[in-house]
Every structure is written in C-alpha cells, then in structure tokens.
Amino acid sequence: MKARERKRVYLDTSILGHWLLYYAVPEEKRDKATSNAKKSLVLLDQIQKGWFSCRFETSDFALAELLQAVRDDLVANKIKRDGHSPVYFSRLRDYYAFDKDQIEDLEAYIGQLEDLLDEINVVVYEIWIELDTVSYLITNYAIDSSDAVHLAWAERWCDYFATGDLRLLKTKPKIGKLTIVPPSGLHTLKELRKT
C-alpha cells in the first residue's frame with residue numbers, strides 16, 4: 001500500500017506580510033493588529049506548535065513582493081515627513097533613492113522573515129510559471145497579475161492556497177484543483193492536521 005502523500009499549502013504574501021510585521025513584537029502590540037493579521041498570527045502559532053501534517057511553502061516572488069511593500073512604506077513615510085501629500089506617492093517615489101545602509105537594512109528585515117520560515121520548515125521555492133496559465137487566470141478569473149503568478153504556481157503543485165486577501169476568499173473558493181482558504185480555516189481541515 002502506498003503511503004499517503006503529504007498535502008501542500010501555499011502561503012500567500014498577505015500572510016507572510018502579517019508575520020513580518022508582528023511575529024517579533026510584544027504580545028500587547030499584537031493585540032492592536034487587525035483581525036486579518038491576528039488570523040495569520042494564529043496560523044503561525046499553530047505551525048510552531050506542530051498542529052499540521054501538511055507541507056507549507058511559499059515563493060521567492062512572495063518575498064520580492066514583501067520587499068517592495070516595505071520599501072514603499074518607508075518611502076511613503078519619507079514623503080510625509082517632507083511635507084508632501086501621500087496622494088503624490090507615485091510621482092515622488094522615484095526621487096527617494098535608498099543609500100547602501102538603508103538597502104542593507106531592508107534586506108536584513110526580509111532576512112529575518114526568511115530565518116523564521118526556515119525555522120518552521122516553510123519551503124521557499126524559486127518559482128517558474130507558464131505565461132499561458134497566468135493569462136488564463138487573469139482573463140477567466142479577473143485576477144490581478146501578481147495574484148495570478150502565485151496561483152499559477154500553487155495550482156500546479158499545491159492542494160491549498162492560504163491567503164488573507166478578502167477579495168480572493170470571497171470570490172474564488174476554488175481554482176482548478178486548488179482550494180483557497182483563510183489562514184484561520186486550515187486547522188479545521190482534517191487532512192492537514194496531525195492526528
């Protein structure tokens with residue numbers, strides 16, 4: 001008899017972003033997190049406690065998205081400090097270059113998340129995708145291109161796509177064989193839990 005194959009769960013950028021923001025902060029600051037972020041933190045806690053028998057994974061593309069988000073947040077704060085309205089972010093963003101130390105700080109920040117992922121055995125894949133699949137998802141499911149990249153990879157290799165993206169959760173419960181679930185819903189799936 002063939003051993004049961006472990007289920008695979010892809011962690012979307014939204015979950016990783018919540019972990020990046022809150023996993024290292026004191027509990028009292030975590031209490032101020034949004035409801036969506038708290039759900040991601042509950043999943044992190046469950047993974048750390050060994051609740052699951054599945055394999056968790058994400059991608060280098062998700063880490064790149066996080067790097068961009070952190071960079072944009074820092075630039076937006078600089079723009080506000082200089083007295084400009086955030087409305088002009090897209091026009092002013094390119095005028096705020098980072099020096100070598102700031103770039104190293106950004107990379108170290110993302111490196112902390114990579115260390116956490118390694119510690120809890122979340123595999124980070126270097127993804128490759130087929131343009132036809134991404135195009136199909138964009139046109140047939142009305143998904144943004146960045147979401148389509150994640151989903152194209154996950155649909156090919158994974159069983160579940162865990163995300164905090166409310167738009168995806170409300171409108172796309174399944175894409176191909178891939179089931180889209182919130183981070184707070186994973187522990188309810190018997191096939192993913194340790195018995």
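The values are calculated or read from the model by the stated rules, or taken from the named source; none is laboratory data. Only a predicted model underlies this, so the values are computations on that prediction, with no experimental measurement involved. A quick note on method: Cβ atoms are made from the backbone with ideal geometry, for glycine too, and the neighbour counts reach across all protein chains shown.
Please indicate, with yes or no, whether at least one residue in the range 44-61 is in a helix (DSSP H, G or I) and over 20 Å from residue 192 (Cβ atoms).
yes
I need the full set of residues from the range 64-98 which are aliphatic (A, V, I, L, M), surrounded by 11 or more Cβ atoms within 10 Å (Cβ to Cβ) and over 23 Å from residue 147 (Cα atoms), in order please.
74, 75, 76, 79, 92
Kindly indicate whether residue 133 is β-branched (Val, Ile, Thr), exposed (fewer than 13 other Cβ atoms within 10 Å of the Cβ) and within 30 Å of residue 178 (Cα to Cα).
no
Checking residue 179 against (1) touching a strand residue (DSSP E or B) at 6+ places or on another chain (Cβ under 7 Å); (2) farther than 23 Å from residue 21 by Cα; (3) assigned to a helix (DSSP H, G or I): exactly one of these is not met. Which one?
All conditions pass for residue 179, except number (3).
Any residue at all in the range 106-119 that's β-branched (Val, Ile, Thr), at pLDDT below 95 and over 25 Å from residue 24 (Cβ atoms)?
No: the range 106-119 contains no residue that is β-branched (Val, Ile, Thr), at pLDDT below 95 and over 25 Å from residue 24 (Cβ atoms).
For the range 120-140, state whether one or more residues are in contact with a Leu (Cβ under 7 Å, 6 or more places away or on another chain) and either farther than 19 Å from residue 64 by Cα or part of a helix (DSSP H, G or I) (or both).
Yes - at least one qualifying residue is present in the range 120-140.
Which count do you get for residues in the range 143-176 that are touching a residue at least 24 places away in the same chain (Cβ under 8 Å) and part of a loop (DSSP other than H, G, I, E, B)?
Within the range 143-176, residues that are touching a residue at least 24 places away in the same chain (Cβ under 8 Å) and part of a loop (DSSP other than H, G, I, E, B) number 7.
Would you check if residue 154 is out of contact with any Asp or Glu (no Cβ under 7 Å at 6 or more places or on another chain), closer than 16 Å to residue 60 by Cβ and small (Gly, Ala, Ser)?
Yes; evaluated as a whole, the condition is true for this residue.
Listed here are the residues, each with its yes/no results for (1) in contact with a strand residue (DSSP E or B) (Cβ under 6 Å, 6 or more places away or on another chain); (2) modelled with pLDDT of 85 or more; (3) not hydroxyl-bearing (Ser, Thr, Tyr).
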{"position": "39", "(1), (2), (3)": "no, yes, yes"}
{"position": "49", "(1), (2), (3)": "no, yes, yes"}
{"position": "59", "(1), (2), (3)": "yes, yes, no"}
{"position": "67", "(1), (2), (3)": "no, yes, yes"}
{"position": "89", "(1), (2), (3)": "no, yes, yes"}
{"position": "95", "(1), (2), (3)": "no, no, no"}
{"position": "104", "(1), (2), (3)": "no, yes, yes"}
